[in-house]
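Written out below as structure tokens is the structure these notes cover.
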Amino acid sequence: DTGVSQDPRHKITKRGQNVTFRCDPISEHNRLYWYRQTLGQGPEFLTYFQNEAQLEKSRLLSDRFSAERPKGSFSTLEIQRTEQGDSAMYLCASSERGGRGETQYFGPGTRLLVL
Amino acid sequence: AQSVTQPDIHITVSEGASLELRCNYSYGATPYLFWYVQSPGQGLQLLLKYFSGDTLVQGIKGFEAEFKRSQSSFNLRKPSVHWSDAAEYFCAVGAPQGGSEKLVFGKGTKLTVNP
């Protein structure tokens, strides 16, 4: 068990460019979550997957954001036409089945800076 | 809507001193409560969680937390702080909504430990 991994760890991009982040959950974890953390704030929920199905999206997830989890394994989060307000840490978490009170295990995050 | 309040943005303690970090939540049903720790540039690590039973919960690294329903609080404590405990601490409530089990986080408390 190597934990949740995320790639890249850091990304600097220019406004208007597209970026894609990858998350590899703990093996055989069915649930995968994306959160966003801005400076001085706690993480905020963006979206989650149960296996390959995306079941909920936050209002924070504008039309420029898209997330996928093909085959129910790794997930990608793409941001199109980035804006400076997208600068944040993007955190991925996974849990085994999604039961009540179940622990979510977090990855190290991808820190995005939009210039 | 669920919410978590961490009243202290920044706390400074001396090494060896006791520590208490405050957390108040707002949630209509039985809460699932978590404390996570985040070291600089890192993801979140679970310290402990509460979802039923004994209201005093033991966690890793010598931390404990007490759930007080009457005060809507879940304060984190440690009897003797070590320099390695310097980090940011987040309280979160599990918010099962539509089955998502998403976490709602407070804004965090940054802990500085003086030698």
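The values are calculated or read from the model by the stated rules, or taken from the named source; none is laboratory data. Not measured: the values here are computed from a predicted model. Note that each Cβ is placed from the backbone with ideal geometry, even for glycine, and that neighbours are counted across all protein chains shown. Side chains are part of the model used for accessible areas, which takes the heavy atoms of the whole protein and leaves out ligands, DNA and RNA. Shrake-Rupley method; radii C 1.70, N 1.55, O 1.52, S 1.80 Å.
Could you check the simple spin-label distance between B:SER39 and A:SER27, using points 7 Å along Cα→Cβ, in nm with one decimal?
It is 2.5 nm.
Using a Förster radius of 35 Å, what is the FRET efficiency between A:ASP63 and B:SER26 based on their Cβ-Cβ separation? Nearest 0.05, please.
E(calc), rounded to 0.05, equals 0.70.
Could you give each residue of the range A:78-87 its phi-based ³J(HN,Hα) in whole Hz, using Karplus coefficients 6.51, -1.76, 1.60 with θ = phi - 60°, and x for Gly or Pro?
In residue order, the calculated couplings are 10, 10, 9, 6, 4, 10, 4, x, 7, 4 Hz.
For chain B, modelled as a GNM with alpha-carbon contacts under 10 angstrom, which of B:PRO40, B:PRO31, B:PRO79 fluctuates the most?
Result: B:PRO40 has the largest fluctuation of those listed.
Can you pull the mean other chain C-beta count within 10 Å for peptide A:106-112?
That average works out to 3.
Quick one: Karplus J couplings for the range B:62-69, per residue in order, coefficients 6.51, -1.76, 1.60, θ = phi - 60°, nearest Hz, x for Gly and Pro?
Taking θ as phi minus 60°, the curve returns x, 8, 9, 9, 10, 8, 10, 4 Hz for the range B:62-69.
Based on the alpha-carbon gyration tensor of the range B:27-112 and its eigenvalue square roots a ≥ b ≥ c, which shape applies: rounded if a/c is under 1.5, prolate if not and a/b is larger than b/c, or oblate?
Taking the square roots of the gyration eigenvalues as a ≥ b ≥ c, the range B:27-112 is oblate.
Looking at the protein assembly as shown, send over the antiparallel percent of its DSSP beta bridges, to the nearest 5.
If we restrict to bridges inside the protein assembly as shown, about 90 percent are antiparallel.
Which one, B:SER70, B:SER84, B:SER52, has the greatest fluctuation when you compute a Gaussian network model over chain B with C-alpha springs under 10 angstrom?
Residue with maximal mean-square fluctuation among B:SER70, B:SER84, B:SER52: B:SER70.
Enumerate by residue number the trypsin sites (Lys or Arg not before Pro) in the range B:1-99 meeting two conditions: DSSP loop (anything except H, G, I, E, B), and at most 13 other Cβ atoms within 10 Å of the site's Cβ.
Within the range B:1-99, no trypsin sites (Lys or Arg not before Pro) qualify (loop, at most 13 other Cβ atoms within 10 Å).
Kindly compute the accessible surface that chains A and B hide from a 1.4 Å probe when together, both sides summed, and give it to the nearest 100 Å².
Using a 1.4 Å probe on protein heavy atoms, the buried area is about 1900 Å².
Which percent of the accessible heavy-atom area of chain B goes to carbon and sulfur, probe 1.4 angstrom?
49
For the pairs A:LYS71/B:LYS107; A:LYS57/B:LYS107; B:LYS61/B:LYS102; B:LYS78/B:LYS107; B:LYS49/B:LYS107; A:LYS71/B:LYS49, note any where the Cα-Cα span goes beyond 23 Å.
Beyond 23 Å: A:LYS71/B:LYS107; B:LYS61/B:LYS102; A:LYS71/B:LYS49.
Taking the solvent-accessible surface of protein heavy atoms with a 1.4 Å probe, what is the per residue accessible area of chain B in Å²?
Per-residue accessible area for chain B comes out at 46 Å².
Once you charge only the Cβ atoms, +1 for Lys and Arg and -1 for Asp and Glu, what is the size of the charge dipole of the protein assembly as shown about its Cα centre, to the nearest 20 debye?
Using only the charged Cβ atoms, the result is roughly 480 debye.
When ranked by the protection proxy of mean other Cβ atoms within 10 Å per residue, highest first, what sequence do the peptides A:93-106, A:47-60, B:8-21 form?
Packing proxy ranking, top to bottom: A:93-106, A:47-60, B:8-21.
Specify the residue with the greatest mean-square fluctuation among B:GLU101, B:GLU88, B:GLU64, computed from a Gaussian network of chain B linking alpha-carbon atoms under 10 Å apart.
Largest GNM mean-square fluctuation: B:GLU101.
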